[in-house]
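Below: the structure, in structure tokens.
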Amino acid sequence: MKNHRQFDAIVVGAGPAGSTAAMVMAQKGLNVVLIERGEYAGAKNVSGGALYDTRLLERLYPGFHKTAAIERHISRRVLGFISTDHLLTMDFRCDHFSKAPYSGYTVIRPKLDQWIAQKAQDAGALLLTDTVVDGLIKEDGRVKGVYTRCAEGALYANVVIAADGVNSLLAKQAGLQRTFEAHEISLGVKEIIEFGRAKIDERFQLNANEGAAYEIVGSATKNVNGGAFLYTNGSSISIGVIAQLSSLAEKKEKTYEMLEEFKAHRSIRPLIRGGIVKEYSAHLIPEGGWKMFPRLYAPGLLVAGDAAGFVLVTGYYLQGMNYAMASGEAAAKAAVQAIEDHDYSESSMARYEKILNKNHMLSEFKTFQRTPHFLNNERIQNVYPELVCQTAQHIMQCSERKQKLGRQISTVLKKSSVSWRNILRDIYESGRAIGW
């Protein structure tokens, strides 16, 4: 029986990181098992919406946009500031957005995860679904497998890759991941609302397979740090809010109430009118970036995807799926080399971090290491969106008293708690936060 339980590599978690790692290793001829606790790959992964920068996908899966489980290519990006009564947006369209291979797509994670997991299976990996992993098998200071609740119990391997999500059991057991602080984690909740393709095309001014992505900050999350989103799928939309856990607890707000109020906003309600709610889901998101990274390796073990905190927050997008797949590929390459060398020591596993440095992935997170803290500034989250909306109203309304633009803005500033000194300081900090 032990021969049947021995593998070259075990990957825990069939999300984008785990399935990519399993596929890359299987393509190299390794005997790989991919373990998923859900009934199918993606069953526990309810996030999803916009997938930007598809160069990695094109390299891993040439021509992927012709067969992948993607909904629409993004031809419109709408960035907005919202207050109780107003919505001010920048609606950006570009001819480049509508040329294949496209720069971004809307996706539904359960569908995409199943597609990527199938690619791993096609390469030769064994997928075990509905299988819970209870912990690591350690011998002589090295990880040599995992304990599962499947019939055979313990599974052994030369290398284990932990891609088991933000609260990674395996990374914690290995002493690599600390307990995260509430301000480093956000809770995303969303609904999928069914409309029909023709109605979405008409309502969002889209052609053929074009899609729209809305990302909004301000009163959508009341006075809680976070933001809101709306993405068009094939025949449905994904709409939701993301809220920082510590801010939720401090302000004693409820995410489902935020979502309902966002949907009821006078500028959002017409976009979703007449739709039928098909799904409601929630998902924890690691948003601490560089400062919350665990150690990424131990003898016989590598950590990838959300388990490693690979979600990048820049202020103008939140991106995790690409980084999950990139980390999965890097972990697979490190595992392949370790198996070829028959060396599973810590120094051998450190090759993983070198690969991440070589492809500039870690440097991107380091560049934006100040961003999460800056974005959770009370003025950025709540004051400026209201201020921008009020200023727009003041400028655009027709009144008998005409003022110069600077005086109009000053009039609005006087009604708020924001000084020009605050604004200049925040402009300076924004430059530092986004790496200028």
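The values are calculated or read from the model by the stated rules, or taken from the named source; none is laboratory data. This is a predicted model, so every value here is computed, not measured. Quick reminder, even Gly has a Cβ in these numbers, built from the backbone with ideal geometry, and neighbours come from all protein chains shown. Side chains included, ligands, DNA and RNA excluded: accessible areas come from the protein's heavy atoms. Shrake-Rupley method; radii C 1.70, N 1.55, O 1.52, S 1.80 Å.
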It is to be established whether one or more residues within region 200-212 are in contact (Cβ under 8 Å) with a residue 24 or more places away in the chain, assigned to a strand (DSSP E or B) and either open to solvent by less than 10 Å² (accessible area, probe 1.4 Å) or among the aromatic types (F, W, Y) (or both).
yes
Taking L284, is it in contact with a Ser or Thr (Cβ under 8 Å, 6 or more places away or on another chain), of a type in the set (A, V, I, L, M, F, W, C) and at negative phi?
yes
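From A151, A125, which residue is hydrophobic (A, V, I, L, M, F, W, C) and in contact (Cβ under 8 Å) with a residue 12 or more places away in the chain?
On the way: A151 fails: in contact (Cβ under 8 Å) with a residue 12 or more places away in the chain.
A125 is the lone residue from the list that is hydrophobic (A, V, I, L, M, F, W, C) and in contact (Cβ under 8 Å) with a residue 12 or more places away in the chain.
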Residue hits (region 52-72; open to solvent by less than 20 Å² (accessible area, probe 1.4 Å) and touching a helix residue (DSSP H, G or I) at 6+ places or on another chain (Cβ under 7 Å)) are L57, Y61, F64, A68
Starting from residues that are in contact with a helix residue (DSSP H, G or I) (Cβ under 9 Å, 6 or more places away or on another chain) and open to solvent by less than 10 Å² (accessible area, probe 1.4 Å), keep the ones in region 238-257 and report whichever is nearest to I272 (Cα to Cα).
I239
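Looking at N233, is it in contact with a helix residue (DSSP H, G or I) (Cβ under 7 Å, 6 or more places away or on another chain) and touching a residue at least 60 places away in the same chain (Cβ under 8 Å)? Give the derivation first.
Numbers: in contact with a helix residue (DSSP H, G or I) (Cβ under 7 Å, 6 or more places away or on another chain): no; touching a residue at least 60 places away in the same chain (Cβ under 8 Å): yes.
No.
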Where the second residue is assigned to a helix (DSSP H, G or I) and open to solvent by 20 Å² or more (accessible area, probe 1.4 Å) and the first is closer than 14 Å to G104 by Cα and at pLDDT below 85 and lies in region 52-65, which pairs have Cβ atoms under 7 Å and are six or more apart or on separate chains?
F64/E58
Return yes when P299 is in contact with an Asp or Glu (Cβ under 8 Å, 6 or more places away or on another chain), touching a residue at least 24 places away in the same chain (Cβ under 8 Å) and surrounded by fewer than 24 Cβ atoms within 10 Å (Cβ to Cβ) and no when it is not.
yes
Positions within region 1-12 being under 16 Å from T131 (Cβ atoms) and either at pLDDT below 95 or among the basic types (K, R) (or both), in sequence order
H4, R5
Anything in region 154-183 that is within 27 Å of A249 (Cβ to Cβ) and crowded, with 20+ Cβ neighbours inside 10 Å? List them, or say none.
D164, G165, V166, S168, A171, L176, Q177
Here are some residues: G42, G49, G29. Which one is closer than 30 Å to D134 by Cα and open to solvent by less than 10 Å² (accessible area, probe 1.4 Å)?
G42
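Hey, could you check region 182-209 for residues that are closer than 23 Å to S281 by Cα and out of contact with any strand residue (DSSP E or B) (no Cβ under 7 Å at 6 or more places or on another chain) and say which is modelled with the highest pLDDT?
As a first pass, look at region 182-209 and keep what is closer than 23 Å to S281 by Cα: 182-197, 200.
Now narrow it down to the ones that are out of contact with any strand residue (DSSP E or B) (no Cβ under 7 Å at 6 or more places or on another chain): 182, 196-197.
On the way: A182: 82, G196: 90, R197: 93.
Going through the qualifying residues, I end up with R197.
Can you name every residue in region 259-290 that is farther than 30 Å from F204 by Cβ and loosely packed, with under 14 Cβ neighbours inside 10 Å?
Filtering region 259-290 for residues farther than 30 Å from F204 by Cβ gives 286, 288-290.
Passing the criteria: none in range.
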Scanning region 325-341 for residues that are free of Cβ contacts under 8 Å to residues at least 60 places away in the same chain and farther than 30 Å from A182 by Cβ, the one most open to solvent (accessible area, probe 1.4 Å) turns out to be E340
So which residues in region 21-36 are within 13 Å of V160 (Cα to Cα) and in a helix (DSSP H, G or I), if there are any at all?
A21, A22, M25
Any residue at all in region 344-355 that's over 21 Å from G175 (Cα atoms), buried (at least 17 other Cβ atoms within 10 Å of the Cβ) and under 23 Å from the mean Cα position of the chain (by Cα)?
yes
Restricting attention to region 226-237, does a residue exist that is open to solvent by 10 Å² or more (accessible area, probe 1.4 Å) and among the β-branched types (V, I, T)?
no
Among what's in region 302-324 and is assigned to a helix (DSSP H, G or I) and among the aliphatic types (A, V, I, L, M), pick the residue that is surrounded by the most Cβ atoms within 10 Å (Cβ to Cβ).
A307
